[in-house]
Structure formats: C-alpha cells, structure tokens
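Asks: My structure is below; once you've seen it, I'll send some questions.
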C-alpha cells in the first residue's frame, strides 16, 4: 500500500469533481423536488435549492439555459429539473447544473400563460377602461396574419361580402415560430406609425397552444396595448384564449368573426339609408303642406285684400318653388319605392291587418282606446268596430255578465 | 362633397333629416338641404353598391417578415 500522499485542497476537490463527472449516471439526471431560496441574479443566472422531506440539492441554471424558460420558477413550486451533477470548487460543494425546468402538473406553457396573464392584468393592460372604441364605418382595415393562410382568406372574403367599401391593408407576418411574436409586434407598430388603418385585425387560424404561442408573448401584448389604432384579435377557435385577446379592444372567437366585428353589413346599411331618405321626403312634403296653408291663410286675410297683384306675384313665385320641390320629392320617392316595398313587406308581417283578414275585429271606444273587457263600456255606449275592410259605429245594447 | 367618406356622408344625411323634420328653415334653404340629402343618399348607395374591395400591402415591412408561414 502506497504511503499517504499530501494533497492540496484544490487537488482533492478536482479529483472529486473528475469522479463525479466521469459517472455516467450523474451526467444526465432529472430530479424532482420543490424550489426554495430561488434567486434570479442580475447576471441572468438562477440559483436555487431543490428539496424534499429528507434532502436538499444546490442548483444553478446559467443564463443561456434560463433564457429558454417559458415561465418564471418560484419558491414552493414543484418541478422537474434536468441537468448534470458537478462540483463547484470555490464552495467545495456539488450541485446540479440545470438545463431545463418543467413545472409538475400543468405544462410549462400553461403555467407561462397564467403567469403572463396575471402579470399584465395587474398592470391594467386588460382593463375595460383602456379599451378603444371600434369605428363603425372603417374605410381602411389593417390585417395582420400569415400570407396565403386560411385566416387571410376568411377575413378578406367576409370583408368583401359585408362591406366592400372598406379597403384592406395587409401586413404579412409569421404567426408561428421563434420570430413570430416580433414580426406581429413590428406590424402593429408600423400600422400605428403610418396611421393608415381605422381598425386592425390580428388573427390566426386554430392550432395547439404551442402553435398559438406567439400571441401569448409579452412583446405582442405590449404592442397591442401601445397601439393607438383599435385592435380586434381573432386567434384560433372559439375555445382558444390568448393574451393578445385579452389586451385587444375586442376579442373575436375566430378570424371570420373578427372581420364581422370590424365592418357593418351593407345590407343593413341600405335599409337604414332608405329610411333616412324616406324621412327626408316626408319632411319636405309636410313642409310644403304647411307653407301652402300659410300662404292661403295670408291671401284670404282681409287686410291684404288691396294689393292683390303684388300678393299674386309672390304666390306664383312660391308656387313655382313648390312645384320644383314637389317634383324633386316625387322623383325621389319613385326611386325609393323598391326600398320601401321591402320595408313595407317587413311591416306588413307585423300588421294587425293580417289578423283582421282572418275574421277578427278590433273594438274601440269613442276616443280610440282599445276595448278588451266588457266592463270598459256600458249599455248605450258608443263603440267602433274595426274590420279588415271598413268599420262600424255601434251602440251597446246589452252587456254580457261574463266580465 | 368630393372625397367624403361613407361615414361623413351618413352623418350629414342624418343631420339634414333632423333639420328637415324640424321644418323651421325657410323655403330656399329647405330646397337646398333636400337637394343635398338626395345627393348624399345617392353617394351612400354608391359606396355600398359599387365599392370594390381593394387589398394593398402595408408598405415598408421589414424583409423576411413573411417567411415561415403557418400551415
């Protein structure tokens, strides 16, 4: 047996280190435990201790690995840590050099989502008070999505069908992958800088949580929040919620729905416009009638009997003007007849006339009030009966007791 | 009335309807308003019936922003 050799501390420590590092079992381990003493050092490295009931294990995660974490670990969290065991000579301690951390239970993405949601909610990014109003009649709709995607086609075709008046300004972006979030955020900023859109649709078709991840990233959330142009978010399917949805001024369940929310329906607008035009014509008709009455009242007043010729001149002039308006109104009404027919058709389906045609009648008292109860009139009282065609004025002979 | 947006035209049309319904303007102004309303209604109709969707690319996007599309 060789005599004992004197070793320096370093020599011994590096010997132990080499032993540990040579062990295949320690070169790649996954350790389950609870995090304590968690420190997020300004250098970007993370230091913590993993523990269970009986033991503790010092851990370090270097910045390059920590940057890839989707969520922020914290004390008390139950995790699985993958890494290798080695020695830190300066402390004379062995530790786990962590390369990845996964939360136990929920997946890392779910946890990251919940953490980001809680963080931004606390900052007030989802507050209803900061939501912008979506303009009712946008002339320019900004569209941020992937070129050639189903989402793109859906949005463009819904916009064309509902309100082709709105022009589409398209910003092709990546909606998936490492660079996606930055490209979406850049497009939002660009739209806002140019001020070229009245409303912006940010959308993407369905996919897994991983696929939709770009829309959960902070950079996208901040860009949506900072955007002065109102933003409609339509990411994934009805059941998918993203951080982008929460920050947006309106969340639509799908890309198509986002397009529906962005513009009004031209069909509804036509009815509305026809009604406005009818109101205009009616108002002018009424105006003419009122003026006619005024003029004839004036003309008949005895005080003005003298200078009849002068009045006649004025009357003629007014009448000519009236004729012009008359004609204009008639032309207009003719033009609107088509629209009116549609409206009239709608009204008719609600009309009591249809009920009367089936043989029912409406009974009214003398002041026009509708009688639905025999006690509302009396023997000898006057009533009117409204029929589908014409009406009857009647006197009540007798009242049936059944009141 | 050139270069008016649909929204502006509609807003003005609504204004005119209100003014006309009040019936308090003199004859000549009423006539002018009515003419304007007719033109506005026609313009609105054109916006809805004759507009064709146009799609333009947001100019100046950073190159490379459109690669690696979704599936």
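Asks: What are the residues in segment A:191-212 that are within 12 Å of chain B (Cβ to nearest Cβ) and not in a loop (DSSP other than H, G, I, E, B), if any?
Replies: A:191, A:192, A:193, A:194, A:200, A:203, A:204, listed by residue number.
Asks: Can you tell me which residues in segment B:18-34 are within 7 Å of another protein chain (Cβ to nearest Cβ) and either under 17 Å from residue A:324 (Cα atoms) or loosely packed, with under 13 Cβ neighbours inside 10 Å (or both)?
Replies: B:20, B:27, B:30, B:31, B:34
Residue-wise test of (1) in contact with a strand residue (DSSP E or B) (Cβ under 7 Å, 6 or more places away or on another chain); (2) modelled with pLDDT of 90 or more; (3) assigned by TED's automatic domain parsing to the domain that holds residue A:186.
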| residue | (1), (2), (3) |
| --- | --- |
| A:68 | no, no, no |
| A:84 | yes, yes, no |
| A:89 | no, yes, no |
| A:98 | yes, yes, no |
| A:101 | yes, yes, no |
| A:129 | no, yes, yes |
| A:143 | yes, yes, yes |
| A:148 | no, yes, yes |
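Asks: Take segment A:1-47 and flag every residue that is part of a loop (DSSP other than H, G, I, E, B), in contact with a helix residue (DSSP H, G or I) (Cβ under 8 Å, 6 or more places away or on another chain) and closer than 29 Å to residue A:103 by Cα.
Replies: A:43, A:44, A:45
Asks: Additional query: Restricting to segment A:240-273, and then to whatever is part of a loop (DSSP other than H, G, I, E, B) and within 11 Å of chain B (Cβ to nearest Cβ), can you tell me which residue is nearest to residue A:134 (Cα to Cα)?
Replies: My answer is A:263.
Asks: I'd like the residue in segment A:117-142 that is within 16 Å of residue A:229 (Cβ to Cβ) and free of Cβ contacts under 8 Å to residues at least 60 places away in the same chain and, out of all such residues, is farthest from the other protein chains (Cβ to nearest Cβ).
Replies: Across segment A:117-142, the extreme among qualifying residues is A:140.
Asks: Right, here's the next one. Restricting to strands (runs of 3 or more DSSP E) lying wholly in segment A:93-190: which have 3 or more residues that are closer than 29 Å to residue A:63 by Cβ?
Replies: In segment A:93-190, A:93-103 are the strands (runs of 3 or more DSSP E) which contain 3 or more residues that are closer than 29 Å to residue A:63 by Cβ.
The values are calculated or read from the model by the stated rules, or taken from the named source; none is laboratory data. Quick caveat, the model's predicted, so the values are computed rather than measured. When we count neighbours, we look across all protein chains shown, and the Cβ atoms used for this are built from the backbone with ideal geometry, even at glycine.
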